[in-house]
1. Name the residue that is modelled with the lowest pLDDT, counting only residues in the stretch 211-239 that are surrounded by 10 or more Cβ atoms within 10 Å (Cβ to Cβ) and farther than 30 Å from Thr417 by Cβ.
2. For Met431, which of the numbered conditions (1) touching a helix residue (DSSP H, G or I) at 6+ places or on another chain (Cβ under 8 Å); (2) part of a strand (DSSP E or B); (3) within 14 Å of the ligand (Cβ to nearest atom) fails to hold?
3. Can you go through Gln416, Gln442 and tell me which one is within 16 Å of the ligand (Cβ to nearest atom), polar (S, T, N, Q), closer than 30 Å to Pro257 by Cβ and assigned to a loop (DSSP other than H, G, I, E, B)?
4. State whether the residues of the stretch 456-479 include one that is within 19 Å of the chain's Cα centre (by Cα) and either in contact (Cβ under 8 Å) with a residue 40 or more places away in the chain or outside the structural domain of Pro606 (by TED's automatic domain parsing) (or both).
5. Applying the selection to the stretch 525-547, what residues are part of a loop (DSSP other than H, G, I, E, B) and over 20 Å from Gln103 (Cα atoms)?
6. Please tell me if Asp61 is in a loop (DSSP other than H, G, I, E, B), modelled with pLDDT under 95 and not polar (S, T, N, Q).
7. Taking the residues in the stretch 392-412 that are farther than 22 Å from Pro623 by Cβ and surrounded by fewer than 19 Cβ atoms within 10 Å (Cβ to Cβ) as candidates, determine which candidate is farthest from the ligand (Cβ to nearest atom).
8. Would you confirm whether or not the stretch 582-595 contains a residue that is more than 16 Å from the ligand (Cβ to nearest atom), in the same structural domain as Met533 (by TED's automatic domain parsing) and closer than 19 Å to Val288 by Cα?
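The values are calculated or read from the model by the stated rules, or taken from the named source; none is laboratory data. The structure presented is a predicted model; accordingly, all values stated were derived computationally and were not measured. Neighbour counts run over all protein chains shown; Cβ positions are idealised from the backbone, glycine included.
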Amino acid sequence: MVTQTPPVAPVGVAHPLDPLTAEEIAAASRIAASHEPRDGWRFPLVALDEPAKDVVRNYSDGDPISRRALLMLLDVTEGDAVECLVDLDAEAVLRWTPLAGHQPFPLMEEFGRAVEAVKSDAGWLAAMRSRGYSDEQIENIQIDPWPGGNFGTKWEREHRTLKAISYLRDDPSRTGYGRPIEHVVAVVDLTENRVLELIDEPGPPAADSELHYSHNELAPREDLKPLDIVQPEGVSFTLDGHLLSWQKWQMRVSLHPREGLVLHQIAYNDDGDLRPICYRASMAEMVVPYGDPSPTQYFKNAFDSGEVGGLGRLTNSLELGCDCLGEIVYMDGIVTNEYGGSREIKNAICIHEEDFGISWKHTHNDDDGPISDVRRSRRLVVSAIATVGNYDYGFYWYFYQDGSWEQEIKATGIVQTLAADPDDPQITRHMIAPQLAGPIHQHFFCFRMDMEVDGGTNTVYEVDTMPLPPGPDNPYNNAFTAVAKPLLTESDGERVSNAASARHWRVANTNKLNQVGHSPSYVLVPGESVALMAGPDSAIFGRAGFTHRQLWVTPFDEGQFYPAGDYPNQSEPGQGIPSWVAADREIADEDLVLWYTVGMNHIVVPEDWPVAPVHRSGFKLRPAGFFSHNPALDLPAPDHCAHDDRHDHHDHAQHSQNGHS
Ligand code: CO
């Protein structure tokens, strides 16, 4: 049955970009499964299929809303999978695409079945007994199944697999990461629920790090006085459904089951003119390649979003006073429960304000002495935290009153460990405790930013600061300049960072001019930018092609959302961004997508044990000619700083401050 007119907004849906409701997830799963009824269907993904941009941009409150859902279906008894597009209004399947050669990410159920398969495997049991472990110890062993990658073996080509490693854990209330069992890896078939292959090689004995981090095992320091964040009149933002407004900023916020926190339609209200900046921003893929060649480490290259099961699905429920401090507004998330229903993640997204030092300040002198003008900066924080196995990743978007915004990643949790033989030192790992080492590794986070700076078409310029050659125009050889080179096609748009020239990328709307005759712009200021260290013939080099550059620029394409391809689990090399840009499409004055990758190095240190302090990384976006002057000029001065009080405290008056900067 196909209806001609879409119904009015479904219950609980106020805007075309609102994520699927619990009712919609159930309906989408039911409609998809009924296309080809099977008992074994599970649903690794059920997500909103976002409407076309013009539909969203032209939407007004109360307009009818059409809803479509994108699903992955996996038959756990047969092992085959389908991608399906459902029209929720017409209750019809629009597309049904069997996924030959692609694997949806593992189900929570499959991680659980992999653990059971390993623990009941005769070969694995024999391997544990041969290491002298008692039945009780074996019972308590922690099994961590990992995406196995794709190393071209028949297991990866012909099976749906995970690779499992083992940790001793005498107390099931603790993690086993202090006691890794070396050189045992079980390759598990997730359809047949059995171990296909057991790697069991001689290795160093399991380490025994007794260091724990739980509060009930430690005596906390007692010299910390309370620090309360008080906002007696409440917060300065409003949240209306998914629409968030704060200090001239406006955006829509949602939790996507795969990408986690997503911001839509980031815009700035400039004296009543709502000026668009970014249509959609998300962390679209990440990968964590390990640099140790040992049997338990070499295959660790987890794409923690698209391969492990979706950052949205792995998002934490946050707790007031723990994850965020102050006056907090939370947004819940709704994701598939894998069985045709949904699961609510309470308090998935935290929205709050933070005092952030000073926004600007200047002190000048008049006849009575120095006069200081200072304005405090407040920032809006929109954040979510996902736990992916041993690691925890926080993603924090910050918005500032001076028109800038920023992404900060907070990586914490527990580092990967291996049992190390102190008499056989390896340069690909670093000791963190006696007999315990952390393998060297990297974290790459690829942010997809669908830009619309002051309108739908933009041009990116690469800006490098350069000295000018000596000559008649540069007689003192002090002259230097910022060279802005437009990126015209996708092959121009493959860029690497260069800290020495303060390289950054300016996203300009060349169809508009500001008051000094330049195009209004935002600049992307890169952060940590380490290069991928795995060699060009490594398995991960080809599968994580997005890591080869810090920036890629592509024209918007509704089929191009995921930097390592739609299905990175067990993927073949060559998918995602490098394959798209081979077309070398025009990118000047086009509807552009920026793909910026933060490259974070992790040379593990003892301070990372037993739980790693937050490692902050990220990048900034700053206005460049977007505003006619400092947009934070109109910030109110703090009450007691608003007046010239020098005569109340005349001992401060000094006439001698004439330093030049
Ligand atoms: Co790390």
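1. The first filter runs over the stretch 211-239 and keeps only residues surrounded by 10 or more Cβ atoms within 10 Å (Cβ to Cβ), leaving 211-214, 217-218, 229, 231, 235-239.
So of that shortlist, the ones also farther than 30 Å from Thr417 by Cβ come out as 229, 231, 235-239.
Numbers: Ile229: 92, Gln231: 95, Val235: 97, Ser236: 97, Phe237: 98, Thr238: 98, Leu239: 97.
For the stretch 211-239, the residue satisfying everything is Ile229.
2. The failed condition is (3).
3. Values: Gln442 fails: assigned to a loop (DSSP other than H, G, I, E, B).
Going through Gln416, Gln442 in turn, the sole match is Gln416.
4. Our first condition is that a residue be within 19 Å of the chain's Cα centre (by Cα); within the stretch 456-479, this holds for none.
The answer is no; no qualifying residue exists.
5. Once the filter is applied, which keeps residues that are part of a loop (DSSP other than H, G, I, E, B) and over 20 Å from Gln103 (Cα atoms), the stretch 525-547 yields Pro526, Gly527, Glu528, Val530, Ala531, Leu532, Met533, Ala534, Gly535, Pro536, Asp537, Ser538.
6. Values: in a loop (DSSP other than H, G, I, E, B): yes; modelled with pLDDT under 95: yes; not polar (S, T, N, Q): yes.
Spelling it out, Asp61 is indeed in a loop (DSSP other than H, G, I, E, B), modelled with pLDDT under 95 and not polar (S, T, N, Q).
7. Within the stretch 392-412, the match that is farthest from the ligand (Cβ to nearest atom) is Lys410.
8. Step one: of the stretch 582-595, the residues more than 16 Å from the ligand (Cβ to nearest atom) are 582-595.
Filter once more, keeping what is in the same structural domain as Met533 (by TED's automatic domain parsing): 582-595.
With closer than 19 Å to Val288 by Cα added as a condition, the list becomes 595.
There is at least one residue in the stretch 582-595 that is more than 16 Å from the ligand (Cβ to nearest atom), in the same structural domain as Met533 (by TED's automatic domain parsing) and closer than 19 Å to Val288 by Cα.
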